[in-house]
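Undergrad: The following block contains the structure, expressed as structure tokens.
All of the numbers you see were taken from the coordinates with simple rules; none came from a lab. Because the structure is a prediction, the values reported are computed rather than measured. Neighbour counts are summed over all protein chains in view; Cβ atoms, including those assigned to glycine, are modelled from backbone coordinates with ideal geometry.
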Amino acid sequence: MIRVLVAYSPTRLGRDKNGRPRLEQHILSTVNDVAGALREAGYRVESAALGRDPRRFLAVARRFRPKVVFNLCEGVAGAADLEKNAAALFELVRLRYTGNGCLALAVCLEKAMTKRLLRTARVDTPEFLTVAPGEEAEGHPGLPAIVKPALSDGSLGITARSVVKTQAALHRRVQYVHRYFRQPALVERFVAGREFQVAMVGNQQPEVLAVAELSYRGLPRSLPRICSFSAKWDPASPYYRHTNPVLPAPISEALRHRLAATATRAWRVLGLRGYARIDFRVRRHRPFVVDVNPNCDISADAGLARAARHAGMTHAQLCDRTVRLALE
């Protein structure tokens, strides 16, 4: 029986009234989902948390001797910029692991680098500029624009105010990113079109599982149509209630083919493997890559699992496929 060690890095949210650490629950739920799916697929499974001091995790790995580490680390100890370091650790100790490699994780976290690589390969992505802390934006790539933290994921820092229509509003939003996130701001031309998510699995020959469209039906007209932070994490927000994936996307076969072909090119340019999600905005039938998520949520109710079900795979089969890709 093949042994799989599920690796994760919980985020501490403080302590409870008894002084015990209070951990973010979504990752724990994902660990349970994936571990259960792997057992259903016939694997022997254990899980282990990875913190800034990796010795406890490595002790579990030495004892359990896994054939594969199922990597669910979206950072280390709450630091998203250390996502790549978890993969680097597995490589250093020669553990096979699922999902994307250290280099792809590092590149995709740095949004400007991702966009430069895509543009060099003639994959369409909106025009952009970056503004380092302490600097001011000189000009813009076109208005309206959307301003994001350049080194974050999970839509961190993206709100209705991220879409700016004037140079003054752009300046204020750049200063907001610098002040609250202490990192460069990415200023990207806003593509006011339909939004799509392409879920993919594979290695050298990636497979498109499904194309979903994000519907903002019912969202107040005063709010820009964007997948904001509150759309993912705040159930009381109108964004949360009115940002809904439609699967499969109601589009022509020609557009579906164009999205799949562009996603496949992006996959290869960025050296992706295992699984990923590539997000698009489409203007006048022309797809623009707006984000690449090389470590997307693989829990049973997340978008990747929904796309897999659309392609005829159960969650157990998706997790099994992910392990087998790591063994190639």
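Undergrad: By the scheme Lys and Arg +1, Asp and Glu -1, what is the net charge of all other residues having a beta-carbon under 14 Å from that of R94?
TA: Cβ neighbours under 14 Å give a net charge of +3.
Undergrad: Shifting gears a bit: Give the relative contact order (percent, whole number) for region 3-99; include only Cα pairs under 8 Å separated by 6+ residues.
TA: Working: 156 pairs, mean separation 34.1, N = 97.
Relative CO of region 3-99 lands at 35 percent.
Undergrad: When the helices in the chain are scored as -39500 (n - 2.57) per DSSP H run of 4 or longer and the sum is shared across all residues, what 222 nm value do you end up with, to the nearest 500 deg cm²/dmol?
TA: About -10500 deg cm²/dmol.
Undergrad: Take the alpha-carbon centre of region 189-212, take the same for region 227-274, and report the distance between them in whole Å.
TA: 6 Å
Undergrad: Determine, for I278, I251, I298, the number of other Cβ atoms within 10 Å of each Cβ, and report the residues in order from fewest to most. Let's see the in-between values first.
TA: On the way: I278 31, I251 18, I298 25.
Fewest-to-most Cβ neighbours within 10 Å comes out as I251, I298, I278.
Undergrad: How far is helix 111-120 tilted off the main Cα axis of the chain, in degrees rounded to 10, range 0 to 90?
TA: Once rounded, one gets 80 degrees.
Undergrad: Using only the Cα atoms of region 262-328, each taken as one equal point scatterer with no solvent, compute I(q) by the Debye sum, divide by I(0), and report log10 of the ratio at q = 0.25, 0.27 Å⁻¹.
TA: -1.16, -1.22
Undergrad: Rounded to the nearest 20 Debye, what is the dipole magnitude of region 127-189 about its Cα centre when Lys and Arg each give +1 and Asp and Glu each give -1 at the C-beta? Walk me through the numbers before you get to the answer.
TA: Details: 8 positive and 6 negative charges, 60 e Å.
Roughly 280 debye, rounded to the nearest 20.
Undergrad: With all pairs of different alpha carbon atoms counted, what Kirkwood hydrodynamic radius in Å does region 148-246 show?
TA: On the way: mean 1/r = 0.0663 Å⁻¹.
With all distinct Cα pairs of region 148-246 included, I get 15.1 Å.
Undergrad: Angle between the Cα long axis of helix 55-64 and the longest principal axis of the chain, 0 to 90 degrees, nearest 10?
TA: 50 degrees
Undergrad: Quick one: order T322, T30 by neighbouring beta-carbon count within 10 Å, fewest to most.
TA: Listed from fewest to most nearby Cβ atoms, that is T30, T322.
Undergrad: Using only the Cα atoms of region 127-189, what do you get for the radius of gyration and for Dmax, in Å?
TA: 10.0, 27
Undergrad: So for the chain, averaging the separation of alpha carbon pairs under 8 Å that are six or more residues apart and normalising by length, what relative contact order in percent results?
TA: 18 percent
Undergrad: To continue, here is another question. Could you calculate the FRET efficiency of R94 with E40 from 1/(1 + (r/R0)^6), where r is the beta carbon distance between them and R0 is 35 Å, rounded to 0.05?
TA: Calculated value: 0.80.
Undergrad: Further, regarding this structure: Work through the residues other than R44 whose Cβ is under 12 Å from its Cβ and net out their charges, Lys, Arg +1 and Asp, Glu -1.
TA: Charge balance in the 12 Å sphere: +3.
Undergrad: Sticking with this structure for a sec: Taking only C-alpha pairs under 8 Å that are 6+ residues apart, what is the relative contact order of region 239-328 in percent?
TA: 20 percent
Undergrad: Residues with beta-carbon under 13 Å from that of E213, excluding E213: net charge, scoring Lys, Arg +1 and Asp, Glu -1?
TA: Overall, the nearby charge balance is +4.
Undergrad: Given the Cα atoms of the chain, and with Rh set as the inverse mean 1/r over their pairs in the Kirkwood sense, what is Rg to Rh to two decimals?
TA: Ratio value, two decimals: 0.96.
Undergrad: Give, rounded to the nearest 20 debye, the magnitude of the charge dipole that the chain has about its Cα centre when Lys and Arg contribute +1 at Cβ and Asp and Glu contribute -1 at Cβ.
TA: Working: 51 positive and 29 negative charges, 31 e Å.
So the dipole magnitude of the chain works out to roughly 160 debye.
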